[in-house]
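Take a look at the structure set out below.
The values are calculated or read from the model by the stated rules, or taken from the named source; none is laboratory data. The model shown is predicted, which means the values in this text are computed figures rather than measured ones. Cβ placement follows ideal geometry from the backbone for every residue including glycine, while neighbour counts extend to all protein chains displayed. Remember, those area values only see protein heavy atoms, side chains included, never the ligands or the DNA or RNA. Shrake-Rupley method; radii C 1.70, N 1.55, O 1.52, S 1.80 Å.
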Amino acid sequence: MGKRLRVVDVERCVDCLLCAFACARRFGGGGLAKSAIAVRSVGGMERGFVVVVCRACEDPPCLAVCPVGAIRKVEVGVRVDADRCIGCSMCVEACAIGAVQWDAVERKPVICVHCGLCAQYCPHSVLAHEEV
Amino acid sequence: MPGALHRVLFVDLARHRSWVEDRADLYSESLGGAGVAIELLREHCPERCDPLAPENPIVLAVGPLTSLYPLASKTVAMFKSPLTGNLGESHCGGRSAMALRLAGYGAMVIMDRSPTPVYLSVDAGGVRFRDARTLWGMSSSLTAGRVMLEREGGAGHRTVLRIGPAGENLVTYAGVTVETYRHFGRLGMGAVMGSKHLKGIVIAGNGDLPVADRGAYQRTYRDLYTRAVRSPAMRKYYELGTPENLGPLSAMGALPVRNLQATGYGTEPPLEGEALAREHLGRRLACSHCPTACIHLAALREPHPEAPYFYKTTFVSYDYEPLYALGTMLGVEQPEDALRLLDVVEHLGLDAMSAGVALAWATEAFERGLLDEKALGGLRPAWGDARVYATMLECIARRAGPLYTLLGEGVDAAAAEYGGDSYALAFGGLEMPGYHTGPGAHLTHLTGARHSHLDSAGYAFDQEDMKAGQSRSPKELARALLTEEARRQVLSSLVVCFFARGLYDADTCVACLSAVEKERNWDDLMALGEDILRRKHAFKAREGFEFDALRIPARTLEVPTPLGGLSENTLREAISEVERLLASGERFSHG
Ligand code: SF4
Ligand code: SF4
């Protein structure tokens, strides 16, 4: 079976965003436009953070809502066919946990592919890449 | 090209206009950060202008490594300082550097004064001027920050800079709070914002950053990251944060206590890093793109003063310098008391260090009869009395009466009026940091371009000399300090956090730059560092700075350091050598 990305100990998250920068580097460059992982504070940084990553749904709402069938299911998670995608952002709305990020430069969704790169770069063991 | 580093965003507060200029010339010559900021300051700050006049610009700049590498997390701010009347420079992390760069700018120049209070909302599309009349006069900078963030909402990664009452009231060492726990603390950027009727700045960025060589970038990044998380040099900041220094400085007799009347504690020092972590550490945070997470927040749980079974828990960020200034320097030894004072300055938007040193001077001046209760508004400052100090801080921020108004302009201003300059602990107009380690430390405070301990870290040279049981001649010390200061110009032009100075050695800087920008060699970078330092001094000379006019407070000479008593002649000899090397134009960083 494949591996899935999971948030294992969010209390240790320090909001460094190294995970998000690692995710964006998959495409070779820097910045955050292409990051599929989001870190948000829970009402003030002192209260801690939530790290939002795709849960690899059994029955993915993002896929179901896409009007042009640009999202398909794979072994772990989903893939977006960027050529088919019309940039309507309905998938962003459909994901209840907000795991579909939006690349404002390309106007396309960015969804986690469960490659585990972010977990390798999390200095505080918040993320794990685990067998499903 | 959108997202390019050399896009400089100009803001005209008087006309509520903004525009972008392409300054590829500046960036290719001076890298970014401090190198670019000093040029923009020179260009836009009229000679000898009043620092609180509309003409004084605020420059914010990031560099070629920003948001591309771990620990390249800082923004450099430059302005003319209302505290020293000369070069003002302050570095701050949080999310500021990331947001500015990912919004597509390498620098921002804020000019003139708005007719009414505003805050700025900045993103890739430009600047919106928002009415801040409702926020003006709020008692806490933290509330104002939260309101701005909530109003702006929006996407992207956001930073929020803002001032508190101290900045609005032009206290010359008012700072700027970033997110909730980081600061452009020193030299009065908060007062300059106040003078511009600028309450805050929200910046949102979410862009892409192309790199020159993708393969080299991935390799350099991986190597740097691995060293950053394993490095023993970073461990110190990682575990206990900067307060780890307090114990050792006390033990060696270099920790200023009660306005430097003493230099340490015989037994267990109070406010020491390990005990603070054990009793109070509530959460740790990092600046964006920093694995170290040196930001330590104490959770301060206090009962409500009247209502039984009501408690409030306040999170207070603590670091060595504020603990020294509002703790040991004031004889405040209970951790809860010191943390409460740190929280007060956070709300008021004061620089903790200058504020603490000003209160320390006032306490001693009161003890010695130079100040009376009447001048102090009925207050009686006493070492260790955090309650009275909290009230005095409020008075300073509100500029209540002539004495507090002067205390809000620094110890030099207060001592000029009331006397007691032998124990008014400021160097070049900036209140002293927490190091009485030896000649190196004080020479840094005297000769550093902004009179900050971080300019050339003389305290580190002192500690080296202590360990080695050696001493350097004034000339050797002068050259060592200048070399370090030049190297730090490179680091603050790239821009990387000074805590990572051990990690960003010559080879690392060169490799990082080559992968994302273009090939440079270290010797050229050091030559540039020297040049930037000379440009800062040229600005200072233009604004009237003279090495000969530097005042050395007698207290620093009377109270022995771990390296023995300091002699004025030796210090002056080293100062002259610094001046000579800077003026000569010769390369000082080798040989
Ligand atoms: S993006 Fe959201 S909806 Fe789609 S598979 Fe992942 S968690 Fe489920
Ligand atoms: S890398 Fe780890 S600690 Fe840093 S923001 Fe991501 S999950 Fe949090």
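Size of segment B:242-338 along its principal axes in angstrom, Cα-based, largest extent first?
Principal-axis extents of segment B:242-338 (Cα, largest first): 42, 41, 20 Å.
Check A:R4: other-chain or 5+ apart residues with amide H under 5 Å from its amide H, H built from backbone geometry?
A:E130, A:E131, A:V132
Rounded to two decimals, what is the ratio between the C-alpha radius of gyration of chain B and 2.2 N^0.38 Å?
In units of the 2.2 N^0.38 Å rule of thumb, it is 0.91.
Using +1 at the C-beta of Lys and Arg and -1 at the C-beta of Asp and Glu, which of B:T263, A:I97, A:A24 has the Cα lying farthest in the positive direction of the dipole of the protein assembly as shown?
Of the listed residues, the answer is A:I97.
Relative contact order of segment B:437-584, please, whole-number percent, based on alpha carbon pairs below 8 angstrom and at least 6 residues apart.
32 percent
How long are the semi-axes of the equivalent ellipsoid of segment B:437-584, defined as square roots of 5 times the Cα gyration tensor eigenvalues? Whole Å, largest first.
29, 19, 12
Throw me the Rg/Rh for segment B:446-513, computed over C-alpha atoms with Kirkwood Rh, two decimals.
With Rh from the inverse mean 1/r over Cα pairs, Rg/Rh is 1.00.
Considering all projection directions equally, how large on average is the shadow of the alpha-carbon convex hull of segment B:142-219, in square nanometres?
That works out to 7.2 nm².
By the scheme Lys and Arg +1, Asp and Glu -1, what is the net charge of all other residues having a beta-carbon under 9 Å from that of B:V62?
Computed value for this residue: +2.
What 222 nm value per residue comes from the helices of chain B, counting each DSSP H run with n ≥ 4 as -39,500 (n - 2.57) and dividing by all residues, nearest 500 deg cm²/dmol?
-13000 deg cm²/dmol
Whenever you get a sec, compute what percent of the accessible area on chain B sits on carbon and sulfur atoms (1.4 Å probe).
For chain B, the apolar C and S fraction of the accessible surface comes to 49 percent.
Using the beta-carbon distance between A:A104 and B:D372 and R0 = 60 Å, what value does 1/(1 + (r/R0)^6) give for FRET efficiency, to the nearest 0.05?
0.45
With a 1.4 Å probe and every protein chain left in place, work out the accessible area per residue of the protein assembly as shown in Å², rounded to a whole number.
36 Å²
Quick one: work out Rg over Rh on the C-alpha atoms of segment A:52-129, Rh as Kirkwood radius.
Taking Rh as the inverse mean 1/r over Cα pairs, Rg/Rh reads 0.98.
Once phi is turned into θ = phi - 60°, what whole-Hz ³J(HN,Hα) does the Karplus curve with 6.51, -1.76 and 1.60 give for every residue of segment B:248-253, x standing for Gly and Pro?
Running phi through 6.51 cos²θ - 1.76 cosθ + 1.60 with θ = phi - 60° gives x, 5, 5, 4, 7, x Hz.
Determine the principal axes of the Cα atoms in segment B:1-144, then give the extent along each, sorted from largest to smallest and rounded to whole angstroms.
39, 33, 27 Å, listed from the longest principal axis down.
Rounded to the nearest 20 Debye, what is the dipole magnitude of the protein assembly as shown about its Cα centre when Lys and Arg each give +1 and Asp and Glu each give -1 at the C-beta?
Approximately 2020 debye in magnitude.
Calculate I(q)/I(0) for the protein assembly as shown by the Debye formula, one identical point scatterer on each C-alpha and no solvent, and give its log10 at q = 0.06, 0.07, 0.09 Å⁻¹ to two decimals.
Here log10 of I(q) over I(0) equals -0.34, -0.46, -0.78.
In Å², nearest 100, what accessible area do chains A and B bury in total when the solvent probe is 1.4 Å?
Interface between A and B: roughly 2600 Å².
Please list the radius of gyration and Dmax for segment B:238-429, considering alpha-carbon atoms only, with Å as the unit.
Cα-based Rg and Dmax for segment B:238-429 come out at 17.0, 51 Å.
Could you compute the net charge surrounding A:C13? Neighbours are other residues with a C-beta less than 14 Å from the C-beta of A:C13; K and R count +1, D and E count -1.
With Lys, Arg at +1 and Asp, Glu at -1, the net is +2.
Compare each residue of segment B:286-303 in its chain alone against the assembly with all protein chains, and report those whose accessible area goes down by 10 Å² or more; 1.4 Å probe, heavy atoms.
At a threshold of 10 Å² (probe 1.4 Å), the residues of segment B:286-303 that become less exposed are B:A286, B:S288, B:H289, B:C290, B:P291, B:A293.
Hey, could you grab the Kirkwood Rh for segment A:1-70? Inverse mean 1/r over distinct alpha carbon pairs, Å, one decimal.
14.2 Å
What does the charge add up to near B:L87, with Lys and Arg as +1, Asp and Glu as -1, over the other residues with Cβ less than 9 Å from its Cβ?
+2
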